[in-house]
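Enquirer: Here you go, one structure.
The values are calculated or read from the model by the stated rules, or taken from the named source; none is laboratory data. Since we're looking at a predicted model, the values are computed, not measured. Reconstructed Cβ throughout: ideal geometry from the backbone, glycine too, with neighbour counts over all protein chains shown. With ligands, DNA and RNA removed, areas are computed over all heavy atoms of the protein, side chains included. Shrake-Rupley method; radii C 1.70, N 1.55, O 1.52, S 1.80 Å.
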Amino acid sequence: MDDASTLLDRIIAAPDLASLEAVRVSALGKSGEITALLKSLGGMTSDQRAVEGPRIHALRERVTDALAARKDELEGAQLEARLATERLDLSLPAGDVPQGSVHPVSQVMDELAEIFADLGFAVAEGPEIEDDWHNFTALNIPETHPARAMHDTFYLAGEHDRPMVLRTHTSPVQIRTMMSQKPPIRIIAPGRVYRSDSDATHTPMFHQIEGLVIDKGITMGHLKWTLETFLKAFFERDDIVLRLRPSYFPFTEPSAEVDVGWSMEKGRRVIGGSDGWMEVLGSGMVHPRVIAACGLDPDEWQGFAFGTGVDRLAMLKYGMDDLRAFFDGDLRWLRHYGFSALDVPTLSGGVGA
Ligand code: PHE
């Protein structure tokens, strides 16, 4: 069986995939050695074939196996070599490259997402250029409603006489979510909103976060517990006291404005305790008309919603006093108030790490 051993030797010795392919062609190709042996079976007597047949087939099998084994080996080696050249040492220091930091608004949004994820809320999104129906009408704010004027809306030219707006709040995400998902629903929707307003506590663009729960048998009790749990986790204190004040929003009934108690610490007002009250949230039970506008039966489904300013939450937690500084892009401010990209908020490590 000399043929076999030289063939097998050549296979094992093939230094690369191209030479291996050459050996394969010379053995199993159209005019290969083994192909020739297989063809010779046709000219044999049946006695000869009974002896040679199994021998030749066995030879072909051994060669085929050896080719496959060597191919695996060579491909493995090729991959190893490639990985070795493509290695990147991520632990190398970046040198004098300017160091970025996470903006307080992004940090607070991450903290909120972390806290609400723990309570079973997913993050939902909607467009910043919104149509009038999602921003107002479906939220029980008809065209003649004074709330439209209250919002200092930026209008854009729309198509087919349908005005478009820069969304004035994140509440249209309630509508989009109820229309695209089946209840039970538990979402938060953080994002940019726009109102034509500007002073130390108002900027034309700011950030809100919306919360929405739709399920069966939901009450104001669920709303209050959720807000209390969230505010305790966010401000990282247990002495958070809430006060729900009756209020009015067209899309909730009943509606409540939520105040949280503050106290003086080292000459500064901080959240916690009860020396005074500060308004932090708008909330209420989702109005049956809003639920119906989304195609759900309000007799079957109820829920609560809340909304608040992310920038304001950041100011209260991290002690900043001018909202406009958030959007000035002043590097000194960003270095002072920014967060390390590596300190990702977690509940176990502290959200405001
Ligand atoms: N969208 C309201 C606002 O911008 C806040 C809010 C949201 C109130 C959800 C109640 C329920 O003022």
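Enquirer: Considering only residues that are near the ligand (Cβ under 10 Å from one of its atoms) and on the phi < 0 side of the Ramachandran plot, look in the range 274-289 and name the one that is farthest from the chain's Cα centre (by Cα). Steps first, please.
Expert: First pass over the range 274-289, keeping only residues near the ligand (Cβ under 10 Å from one of its atoms): 281-287.
Checking the rest, the ones that are also on the phi < 0 side of the Ramachandran plot come to 281-283, 285-287.
Values: Leu281: 25, Gly282: 26, Ser283: 25, Met285: 27, Val286: 26, His287: 29 Å.
Here the answer is His287.
Enquirer: Only one residue in Asp72, Asp65, Asp118 is closer than 30 Å to Lys232 by Cα and open to solvent by 80 Å² or more (accessible area, probe 1.4 Å), so which one is that? Give the derivation first.
Expert: Working: Asp72 fails: closer than 30 Å to Lys232 by Cα; Asp65 fails: closer than 30 Å to Lys232 by Cα.
Exactly one of Asp72, Asp65, Asp118 is closer than 30 Å to Lys232 by Cα and open to solvent by 80 Å² or more (accessible area, probe 1.4 Å), namely Asp118.
Enquirer: Next question, about the same structure. Please state which one of Gln78, Gln48, Gln107, Gln99 is among the polar types (S, T, N, Q), part of a loop (DSSP other than H, G, I, E, B) and either in contact with a helix residue (DSSP H, G or I) (Cβ under 9 Å, 6 or more places away or on another chain) or surrounded by 12 or more Cβ atoms within 10 Å (Cβ to Cβ) (or both). Give the derivation first.
Expert: Details: Gln78 fails: part of a loop (DSSP other than H, G, I, E, B); Gln48 fails: part of a loop (DSSP other than H, G, I, E, B); Gln107 fails: part of a loop (DSSP other than H, G, I, E, B).
Going through Gln78, Gln48, Gln107, Gln99 in turn, the sole match is Gln99.
Enquirer: Could you figure out which of (1) closer than 17 Å to Leu281 by Cα; (2) at pLDDT 90 or above; (3) open to solvent by 70 Å² or more (accessible area, probe 1.4 Å) isn't true of His202?
Expert: That leaves (2) as the condition not met.
Enquirer: Before we move on, is Asp152 at positive phi and either touching a Ser or Thr at 6+ places or on another chain (Cβ under 6 Å) or basic (Lys, Arg) (or both)? Working first, answer last.
Expert: Numbers: at positive phi: yes; either touching a Ser or Thr at 6+ places or on another chain (Cβ under 6 Å) or basic (Lys, Arg) (or both): yes.
Taking the combined requirement at face value, the residue satisfies it.
Enquirer: Give all pairs with beta carbons closer than 7 Å in which a residue from the range 161-180 that is farther than 17 Å from Met205 by Cα meets a residue that is part of a helix (DSSP H, G or I) and within 9 Å of the ligand (Cβ to nearest atom); count only pairs at least 6 apart in sequence or on separate chains.
Expert: Ile175/Leu139
Enquirer: A further question on this structure: Among the residues of the range 288-303, is there at least one that is of a type outside the set (Phe, Trp, Tyr), without any contact (Cβ under 8 Å) to a residue 40 or more places away in the chain, assigned by TED's automatic domain parsing to the domain that holds His207 and open to solvent by less than 60 Å² (accessible area, probe 1.4 Å)? Write out each step before concluding.
Expert: So the first thing to find is which residues in the range 288-303 are of a type outside the set (Phe, Trp, Tyr), and the list is 288-300, 302-303.
Applying the additional criterion that residues be without any contact (Cβ under 8 Å) to a residue 40 or more places away in the chain yields 288, 292, 297-299.
Pick out the ones that are also assigned by TED's automatic domain parsing to the domain that holds His207 and you get 288, 292, 297-299.
Applying the additional criterion that residues be open to solvent by less than 60 Å² (accessible area, probe 1.4 Å) yields 292, 298.
Yes, that holds for at least one residue.
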